[in-house]
Amino acid sequence: MENTHPDKDKTLTDFDQNLVNHIAWEAVAEQRRARRWGIFFKFFFAGYLVLFLLLYLPVGMFGGKISGGKHTALINIEGVIGSDYEANADYIVSGLRSAYEDKNTAGIILRINSPGGSPVQAGYVNDEIQRLRKLYPEIPLYAVITDICASGGYYIAAATEKIYANKASVVGSIGVVMSGFGFVDAIHKLGIERRLITAGESKGFLDPFSPLKSEDVEHIDGVLNDVYQQFIDVVKAGRGDRLKVDEKIFSGLIWSGEQSIDLGLVDAMGSSGYVAREVIGAEDIVDFTLRDTYFDRFAKQLGTAVASALSSQLELR
């Protein structure tokens, strides 16, 4: 059929073209808006990250803050002392070295709140303290006990020049302990047969599912007594004639801060602020404690998650 409305067809064609052009321009405009928002969020995130680094990393990662004058350096020993905890020898020693090497350090405080932990980790710190004190004799080092300073915590404190505490602090527990459980009767009642195959006469000693042998107990007693004597020697060397002659000091008992002064385990009452202000003479306290950064914690959690996933997938038991 012959087309009798050419103007109408032309109008429709122009309308379609305008519609396509409009949609195209809108798409371009939307892309530009999205690009602007993307740039905005990138700058926002970058600024937030810089602020985060400035606020949190100088203390936890680099071990100290910027100080314009003489200050008292502080290293916190918080919680269980062990290689898998923040209160580990590497972190404590690194903080101590940074504090001693800072030219503005007038004195150092080890602020301890620990129930103890690894004698090896505590021994590393004790040895390094003695080395650093000889290397920097002009910089005094004091221990300040907060809630508790027991076992390995006191092992470290004994290496300092003086120990301060609160009257209600818990101090002591000088001794060595090894604990476990025995399940011999339990597995017999459950009808479980224990199959332990070893190469080496004593490789399976103190196995919790096997009867306790007197020779095993005798051997482990020797090990514990050896470590115990090392602990006693460290405390006596650190405290000297300040210690009262009382064998209960090395019995594993604990005392209050006030009682500890009478026994010679503590020198005086005092907080970190008091020691910095009145003893060291530098009221400005700068924290040199080395801690896990948020990135470290994230990496550890991520590593644990990945290892767990691989273990379950590959059946690595």
Simple spin-label model, 7 Å along Cα-to-Cβ: ILE220 to ASP185 in nm? 1.8 nm
How would you rank 91-98, 177-184, highest first, on the average number of other Cβ atoms within 10 Å across their residues? 91-98, 177-184
Over 23 Å (Cα to Cα) among LYS162/LYS244; LYS103/LYS167; LYS162/LYS248 -> LYS103/LYS167
Would you work out the charge dipole size for region 165-274 about its Cα centre, treating the Cβ of every Lys and Arg as +1 and the Cβ of every Asp and Glu as -1, and quote it to the nearest 20 debye? 320 debye
So if I take the centroid of the Cα atoms in region 187-209 and the same for region 82-152, what is the distance between those two points in Å? 41 Å
Return the distance in nm (one decimal) between the two label points of a simple spin-label model at LYS213 and TYR136, each offset 7 Å from Cα along Cα→Cβ. 5.1 nm
Simple spin-label estimate for MET269/ASP84, 7 Å along Cα→Cβ, in nm, reads 4.0 nm
Sites matching trypsin sites (Lys or Arg not before Pro) across region 167-237 that sit in DSSP coil, with at most 15 neighbouring C-beta atoms within 10 Å: LYS167, ARG194, ARG195, LYS203, LYS213
Give the residue list of GluC sites (Glu not before Pro) in region 171-267 that are DSSP loop and have at most 14 other beta-carbon atoms within 10 angstrom. GLU193, GLU201
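Just so you know, all these numbers are worked out from the coordinates, no wet-lab data involved. Note that this is a predicted model, so its numbers are computed, not measured. Please note: Cβ atoms are built from the backbone with ideal geometry, for glycine as well, and neighbour counts cover all protein chains shown.
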